[in-house]
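Structure, as structure tokens:
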Amino acid sequence: MADVLGEKSLSREYQKLFDKGSRKYDELLWNGEYYVQKVDVLKGLEIPTHLVSPDETCNPDCKNNINVSQKGKDKYPKYQYGEGCLSDQLLGQYLSHVAGIGYVLNPEHVKKAIKSIYNFNFKKSLDNFANVQRVYALNDESGLLLCSWPHGSRPALPFVYSDEVWTGIEYQVAATLIYNNWIEEGLNIVKAVRERYDGMKRNPWDEEECGHHYARAMSSWAVLLSLSGYDYNGISHELTFAPKISQNDFSTFWSCGTGWGEFKQQEKEKQYLVQIELNYGELQLYTLKLGSVKRMLKNPVAKINGKNILINIENSKEGFKVSFGKKLKLEKNDILEITL
């Protein structure tokens, strides 16, 4: 934002804070497989008695034994996850992917952490899993747990919902997997959700969590964004599509702040046909990025509503970048068509 507004000194200050924070986060919380929680009680603060976790060796009869916890270590508060693998650990990174900002943490660590979440928390069957809280998945159903402790060290009283399965978290993790090119794993999670809410066992229009029609399940929208590789930059008027699946015959709905429509990408007779149709509002466009088009013709052709327009195309490792030389303004029912 500071860059866009020309506030260069603020931009440098914010960049330094970001770089420092990102490095520190990795230094403190990366365990080689995923990010953990460091539970530190600040010096001078005291955990209220009713919030001290019992010793992990405590049995039901020693519920008042709160003098020690975690095998003799300092007192430890209830409802933490500590060394656990939290499905929500990359929530900020997920939001950054969706917003088109990119990586806020070490990219290799992010890719490894999201795969660890899938490996440790996604259960193909819950037949042998005990959950004493609310039940949103059970028996032979598949689902993503909110947290697991693959290497032990589960607190005696972890956060209350740790063994539950929430669709809003499942979709968020699925989208993050897809953004990081774990396509099959992301789609496996989506498939598990839709098989649970199939209209026979549960309402397909009500993926409940804390309550019915719970808003967190709207993270499902990010699955569409991640699969289509969609991004629109309203400052530079740059539109991006980079489908992760069905690249030879792909179509998707898209929307930005001023309009919405349909995108199509098809490969026919050794050429790609790309089409952007505006169904509502308007779209201002300087450039179009196509991240999954593999090649182009010597003489690409671009048209708006059947009339030829001039374009310039650059090739990079991220795909083809189509520039129009001037800002196009597409209005309702306009069709931009490019043959590559």
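Points worth noting:
- Qualifying residue in the range 235-249 (condition: free of Cβ contacts under 8 Å to residues at least 40 places away in the same chain, buried (at least 20 other Cβ atoms within 10 Å of the Cβ) and either at negative phi or not in a strand (DSSP E or B) (or both)): no
- Of the residues making up the range 132-173, those that are open to solvent by 20 Å² or more (accessible area, probe 1.4 Å) and of a type in the set (Gly, Ala, Ser) are Ser142, Gly152, Ser153, Ala156.
- Some residue of the range 111-128 being without any contact (Cβ under 8 Å) to a residue 40 or more places away in the chain, within 21 Å of Ser219 (Cα to Cα), surrounded by fewer than 19 Cβ atoms within 10 Å (Cβ to Cβ) and hydroxyl-bearing (Ser, Thr, Tyr): no
- Index of the failed condition, Glu209 passing every other in (1) assigned to a loop (DSSP other than H, G, I, E, B); (2) open to solvent by 60 Å² or more (accessible area, probe 1.4 Å); (3) closer than 21 Å to Glu195 by Cβ: (2)
- Residue match in the range 189-199 (condition: part of a loop (DSSP other than H, G, I, E, B), open to solvent by less than 20 Å² (accessible area, probe 1.4 Å), out of contact with any Leu (no Cβ under 8 Å at 6 or more places or on another chain) and not hydrophobic (A, V, I, L, M, F, W, C)): yes
The values are calculated or read from the model by the stated rules, or taken from the named source; none is laboratory data. None of these values were measured; they are calculated from a predicted model. In this analysis, Cβ positions are derived from the backbone assuming ideal geometry, glycine residues included, and neighbour counts consider all displayed protein chains. We work out accessible area using only protein heavy atoms, side chains counted, and drop any ligands, DNA or RNA first. Shrake-Rupley method; radii C 1.70, N 1.55, O 1.52, S 1.80 Å.
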